[in-house]
Amino acid sequence: MVKSLNLNLFLYQKSAIYLIVFFGFTLIAFWSSYFSILGQDMSFYVHFHGIFMTLWCLMLIAQAVLIRVKKYRIHTGVGKASYLIFPILILSTILLIHATVRKSPEVNLDTYLSLALMLNATVVLAIIYGLGIYFQKDRFTHARYMVCTIFPLFTPITDRIIFNYIPGLVELAPKLEGIPIVPFFGYLLADFLVIGLALWDWKTHRRKDVFLIVLLLLLIYHVSLFTFYKIPAWQEFSAWFYGLALT
């Protein structure tokens, strides 16, 4: 049973399986809008981001597999490659966010919500990765943080799966100004999983650091979608970001 399994052992022996499952859901979510139409014309920003996000997911899987088969030297080399890959991923994400919000002819409520949804997720992703690198010499703490980099990425996947395959959930989502906030379901799933990991970590290792920190970061990010759009400073920031000559 999961409750009796050592979490450190799980991270080293089983995490690759769950990262593969996560990537499988990514393929399902983005199949019709990206992976199945790779040969067709698409926005440079979409393709730029798609390449590096796919590379990041594959890198996470590779790292977990390398640890499982005890190829530590190769694992270290791939980890060093992330010093280049991850910043490019963040850059590609920011450019895609900018190109997305600029599709609107003016700054409006959708701009405020879109930036809270996408840009704040990117900030949380960067913080979690940064913590993982900071603790890279503490292998178990490092592993926890690197696995947690998937949680800020849930909503792009869950949103598309819901809209494409479970549209009935859209009407059940909470609404802001009449707009259904479908990311709520992805937020809920991520929070429950992290809470479960935090409880598991406390039960098996008496640790209350990594997963609680990640949970706090996620909750701040999640709350931002439902609250920031009302804050004048966020509205001003959104207008500033919208006006940048990035894309």
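The values are calculated or read from the model by the stated rules, or taken from the named source; none is laboratory data. The shown structure was predicted, so the numbers you read here are calculated from the model rather than taken from an experiment. Because the Cβ atoms are built from the backbone with ideal geometry, glycine has one as well, and the counts that use them run over all protein chains shown. Surface areas here come from the heavy atoms of the whole protein model, side chains and all, with no ligands, DNA or RNA. Shrake-Rupley method; radii C 1.70, N 1.55, O 1.52, S 1.80 Å.
Touching a residue at least 24 places away in the same chain (Cβ under 8 Å) and buried (at least 21 other Cβ atoms within 10 Å of the Cβ), is that true of ILE150?
Answer is yes for this residue.
Need a quick list: helices (runs of 4 or more DSSP H) entirely within the range 183-247 having at least 2 residues that are in contact with a Lys or Arg (Cβ under 6 Å, 6 or more places away or on another chain).
In the range 183-247, 183-205 are the helices (runs of 4 or more DSSP H) which contain 2 or more residues that are in contact with a Lys or Arg (Cβ under 6 Å, 6 or more places away or on another chain).
Quick one: GLU171 ticks every box in (1) surrounded by 12 or more Cβ atoms within 10 Å (Cβ to Cβ); (2) in a helix (DSSP H, G or I) except a single one, so which number is it?
(1)
Does any residue in the range 102-119 that is under 14 Å from PHE226 (Cβ atoms) come within less than 8 Å, Cβ to Cβ, of a residue that is open to solvent by 50 Å² or more (accessible area, probe 1.4 Å) and of a type in the set (Asp, Glu) six or more places away or on a different chain, and which pairs are these?
The qualifying pairs are LEU109/GLU177.
Evaluate the range 94-103: report whether one residue or more is surrounded by fewer than 16 Cβ atoms within 10 Å (Cβ to Cβ) and either under 22 Å from LEU193 (Cα atoms) or of a type in the set (Asp, Glu) (or both).
no
Give me the residue from the range 127-143 that is buried (at least 21 other Cβ atoms within 10 Å of the Cβ) and closer than 17 Å to TYR72 by Cα and, out of that set, farthest from the chain's Cα centre (by Cα).
So, considering only residues that are buried (at least 21 other Cβ atoms within 10 Å of the Cβ) and closer than 17 Å to TYR72 by Cα, the one farthest from the chain's Cα centre (by Cα) is ALA143.
LEU55 is checked against (1) surrounded by fewer than 19 Cβ atoms within 10 Å (Cβ to Cβ); (2) closer than 17 Å to VAL124 by Cα and fails just one. What number does that condition carry?
Every condition holds for LEU55 apart from (2).
Which condition from (1) aliphatic (A, V, I, L, M); (2) within 22 Å of THR26 (Cβ to Cβ); (3) open to solvent by less than 20 Å² (accessible area, probe 1.4 Å) is the one that LEU115 breaks?
It fails just one condition, (2).
PHE163 is checked against (1) without any contact (Cβ under 8 Å) to a residue 12 or more places away in the chain; (2) closer than 25 Å to SER104 by Cβ; (3) part of a helix (DSSP H, G or I); (4) open to solvent by 60 Å² or more (accessible area, probe 1.4 Å) and fails just one. What number does that condition carry?
Failing condition for PHE163: (1).
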